[in-house]
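The values are calculated or read from the model by the stated rules, or taken from the named source; none is laboratory data. What you see is a predicted model, and the numbers here were worked out from it, not measured in a lab. Reconstructed Cβ throughout: ideal geometry from the backbone, glycine too, with neighbour counts over all protein chains shown.
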Amino acid sequence: MRASHSQIRSGLFVITNVELNELLNRGALYPSDRIQMLNKAPGQIALHAPSLDVRIPFPVFFAVGALSLAENLLVVAAVIWNRNLHSPMYCFICSLAAFNTVASLAKTCENLTMALADAGQLRMAGSSETKMDDVVDSLLCMSFVGSISSILAIAVDRYITIFHALRYHNIMTMRRTGAVLAVIWTACGVLAVPMVAFFRFNFIKIVLVVFFFASLAIICFLYVYMFMLALIHARRIAALPAGGGRKYHRQGRRGGNMRGALTLTILFAAFLVCWAPFFLHLIILMLCPTDPYCECYRSLFELHVLLMMSHALVDPAIYAFRSAELRHTFRKMFCS
């Protein structure tokens with residue numbers, strides 16, 4: 001019988017490796033317990049926690065996952081359906097939506113399975129439950145690495161669009177875009193399985209954290225650089241003598257590119273808000289795995305997971321709100 005969460009977390013006790021393996025195989029531990037225990041050194045493992053984890057009801061997880069799945073599938077379908085959206089930037093946006101779809105599908109299936117199991121309609125125990133957890137975790141790792149890689153690719157694309165506009169179509173060809181997407185998806189698929197299989201080692205956690213913050217630093221640098229240079233260029237254009245539509249044409253084109261950069265800045269901010277708490281969770285897990293004060297933050301594990309799922313829910317809303325072409329495509333898809 002599944003051990004209750006309060007029994008596991010109510011006090012301080014020590015278990016052996018044999019007992020640990022039995023608990024893990026029976027699925028007797030919740031995700032935060034499993035991550036904490038897998039982080040310990042071999043031998044005896046001490047569990048203690050002054051407070052219970054914050055629990056998020058299954059219907060909330062299921063609703064967020066199902067809604068985000070539908071939204072991201074709609075974005076992917078719109079990009080495929082409208083030939084005007086067959087550009088490098090929208091291909092990268094489609095890739096981001098596809099990775100969000102993978103994460104939403106994985107969590108929706110997991111939540112549906114857990115709901116059926118809790119209702120007594122489905123019996124899962126032993127290796128089958130462990131394998132399902134591993135598959136879902138692998139897909140989530142794949143989604144994370146793919147999402148931030150897609151956002152990074154979009155940032156580079158916007159940089160080239162704004163500051164190398166005359167050479168953009170020679171630099172960002174559809175063939176090169178396809179090659180970049182192939183590398184991203186292949187790398188994410190190959191790396192996801194070992195990341196989950198060896199997650200108990202701090203090295204994997206460190207790699208994930210370093211990748212996250214390094215990507216954030218690169219994206220922030222590109223955006224700050226873009227906005228600073230764009231501001232300088234705008235001032236130079238404003239200082240030119242009026243007379244010719246060429247000046248206003250250049251202003252309009254650069255203004256449109258900057259609106260695109262602003263949209264991607266909003267996407268980046270949403271990604272940061274939704275994913276940063278989970279990586280802070282990983283850092284705390286490595287630095288103070290048994291400290292009771294750190295346990296207060298770790299008790300919010302399910303809230304962090306919900307935030308990660310919400311990222312897939314927020315992104316399509318940003319596309320629809322900021323992109324006139326996508327809004328037009330959605331109207332044609334539903335009204336035709």
Whichever residue in segment 285-336 is more than 19 Å from ASN72 (Cα to Cα) and of a type in the set (Asp, Glu) and, among such residues, is surrounded by the most Cβ atoms within 10 Å (Cβ to Cβ): GLU295
Single condition MET172 does not satisfy, out of (1) touching a Pro at 6+ places or on another chain (Cβ under 6 Å); (2) closer than 25 Å to PHE278 by Cβ; (3) among the hydrophobic types (A, V, I, L, M, F, W, C): (2)
Matching residues, segment 159-175, being assigned to a helix (DSSP H, G or I) and in contact (Cβ under 8 Å) with a residue 40 or more places away in the chain: TYR159, THR161, ILE162, PHE163, ALA165, MET174
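Could you name every one of the helices (runs of 4 or more DSSP H) located completely within segment 260-336 that has at least 3 residues being in contact (Cβ under 8 Å) with a residue 60 or more places away in the chain, among the aliphatic types (A, V, I, L, M) and on the phi < 0 side of the Ramachandran plot? Give the steps one after another, and end with the answer.
Details: elements: 292-298, 301-322, 324-335.
Per the criteria, 301-322.
In the set SER128, SER104, SER143, SER150, which member is under 30 Å from HIS233 (Cβ atoms), hydroxyl-bearing (Ser, Thr, Tyr) and either at pLDDT below 90 or in contact with a Phe, Trp or Tyr (Cβ under 7 Å, 6 or more places away or on another chain) (or both)?
Values: SER128 fails: under 30 Å from HIS233 (Cβ atoms); SER104 fails: under 30 Å from HIS233 (Cβ atoms); SER143 fails: under 30 Å from HIS233 (Cβ atoms).
Just a single option satisfies the conditions, and that option is SER150.
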Failed item, numbered, when SER143 is tested on (1) surrounded by fewer than 18 Cβ atoms within 10 Å (Cβ to Cβ); (2) under 19 Å from VAL102 (Cα atoms): (1)
Residue ID - nearest to SER95 (Cα to Cα), chosen from residues in segment 169-213 that are at pLDDT 85 or above and among the aromatic types (Phe, Trp, Tyr): TRP185
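So that you can scan it fast, the table gives a plain yes or no per residue for (1) at negative phi; (2) touching a His at 6+ places or on another chain (Cβ under 6 Å); (3) surrounded by 12 or more Cβ atoms within 10 Å (Cβ to Cβ); (4) β-branched (Val, Ile, Thr):
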{"position": "ARG167", "(1), (2), (3), (4)": "yes, no, no, no"}
{"position": "MET172", "(1), (2), (3), (4)": "yes, no, yes, no"}
{"position": "ARG175", "(1), (2), (3), (4)": "yes, no, no, no"}
{"position": "VAL183", "(1), (2), (3), (4)": "yes, no, yes, yes"}
{"position": "VAL193", "(1), (2), (3), (4)": "yes, no, yes, yes"}
{"position": "LYS205", "(1), (2), (3), (4)": "yes, no, yes, no"}
{"position": "VAL209", "(1), (2), (3), (4)": "yes, no, yes, yes"}
